[in-house]
1. So which helices (runs of 4 or more DSSP H) stay within the stretch 128-229 end to end and still have 2 or more residues that are surrounded by fewer than 19 Cβ atoms within 10 Å (Cβ to Cβ) and aliphatic (A, V, I, L, M)?
2. Among (1) over 20 Å from residue 264 (Cα atoms); (2) in contact (Cβ under 8 Å) with a residue 24 or more places away in the chain, there is one condition residue 216 misses while meeting the rest; what is its number?
3. Quick one: residue 237 ticks every box in (1) open to solvent by 20 Å² or more (accessible area, probe 1.4 Å); (2) touching an Asp or Glu at 6+ places or on another chain (Cβ under 7 Å) bar one, so which box is it?
4. So which pairs qualify, if the first residue must be in the stretch 151-165 and on the phi > 0 side of the Ramachandran plot, the second must be of a type in the set (Gly, Ala, Ser) and open to solvent by less than 40 Å² (accessible area, probe 1.4 Å), the Cβ gap must be under 7 Å, and the two must be at least 6 apart or on different chains?
5. Among the residues in the stretch 261-279, are any assigned to a strand (DSSP E or B) and either surrounded by fewer than 23 Cβ atoms within 10 Å (Cβ to Cβ) or more than 20 Å from the chain's Cα centre (by Cα) (or both)?
6. For residue 255, indicate whether it is touching a Ser or Thr at 6+ places or on another chain (Cβ under 9 Å), open to solvent by less than 40 Å² (accessible area, probe 1.4 Å) and in contact (Cβ under 8 Å) with a residue 40 or more places away in the chain.
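The values are calculated or read from the model by the stated rules, or taken from the named source; none is laboratory data. Nothing here was measured: the structure is a model prediction, and the numbers come from that model. Using ideal geometry, Cβ is built from the backbone for each residue, glycine included, and neighbour counts are taken over all protein chains shown. In case anyone asks, the SASA skips ligands and DNA or RNA and just uses the protein heavy atoms, side chains included. Shrake-Rupley method; radii C 1.70, N 1.55, O 1.52, S 1.80 Å.
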Amino acid sequence: MIEKQAWRQVSLGVLVATLAACNTAIDEPLATNSVLAGTPLQARSASAFSVIDHSPVDGAENQALTRDIRITFDTPLLIESITDNSVELWLDDRRVPARTVYVADTQSIRLIPTSNLIPNQRYRVQLNPRLMSAEGDLYSGAQWQFRTAGAIGATSQWTLDHCLDATDQAWLEQINQARSEARYCGRVLQAAAEPLSYQCTLAGAAQRHSNDMAQHGMLSHLSSDGQDAYRRLQQQGYEATTLGENVAMTATGDADVVQQWLASPGHCRNIMEAEFTSLGMGQAISDTGDVYWTLNLAAPLNPQSDD
């Protein structure tokens with residue numbers, strides 16, 4: 001058995017009683033220079049200079065679908081030796097379209113795919129020979145592999161690494177799978193929608209609301225101090241154009257709350273809403289053992305805050 005509620009707030013201030021929406025600001029640092037440190041990449045044969053960092057590292061799993069490839073050398077490169085064929089990204093026997101950028105300040109090459117990567121795939125990075133250092137030495141080339149995450153939308157690598165655990169990711173993938181197909185929410189046919197990304201601030205707000213409901217033994221869209229989801233997010237500096245919130249209470253933590261929301265017309269419409277771009281989810285257990293769930297969904301007023 002599940003008790004649940006859904007509400008929707010649209011265009012900053014109009015409250016519709018049966019549905020809800022919410023979003024949060026993302027205080028995620030920009031990953032401009034965050035090359036992941038890994039074991040120095042071995043060249044195919046002896047070279048006069050070396051790769052000292054590469055991101056993603058060889059064998060990396062659960063990589064963001066929006067990520068780029070970064071390779072840092074121990075010496076400056078001769079710019080004339082860098083071409084669109086210097087670094088290649090491959091999926092099976094297909095080369096992935098991408099552009100190559102040399103960052104002289106960090107002695108790094110960035111390979112930026114022109115579109116999102118495909119979920120649950122193993123990609124191969126090929127660093128080709130004929131790259132040359134500024135001193136005229138040749139690099140002999142190297143290659144390595146990494147695997148992408150599942151259906152996580154535009155979730156950033158920073159989010160995957162810092163605030164998204166396996167349970168959160170499973171919820172995100174389950175919701176995105178539901179959004180990938182048209183479905184009836186009650187008697188209304190909802191079109192398939194783009195996948196959502198996971199947002200740390202949305203998740204933090206959802207977790208705090210679940211904690212509050214569990215502490216006070218209440219199932220409500222209002223917090224114990226009378227704040228609705230929009231106000232709770234606004235207090236964290238996040239302005240939303242549209243926001244939604246689903247809440248639920250279950251007797252156990254292993255309940256498939258997403259499927260039960262999908263079976264409820266109002267909650268289902270929130271999950272399928274095409275205007276939402278991101279989500280965050282939280283759960284908390286009360287002293288009596290009841291589990292309180294909160295799902296926040298939103299689109300930001302400033303798209304740049306929806307990393």
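1. Counting at least 2 such residues, we get 166-179.
2. It is condition (2) that residue 216 fails.
3. For residue 237, the failing item is (2).
4. That search, which allows pairs on different chains as well, returns 153/197.
5. no
6. no
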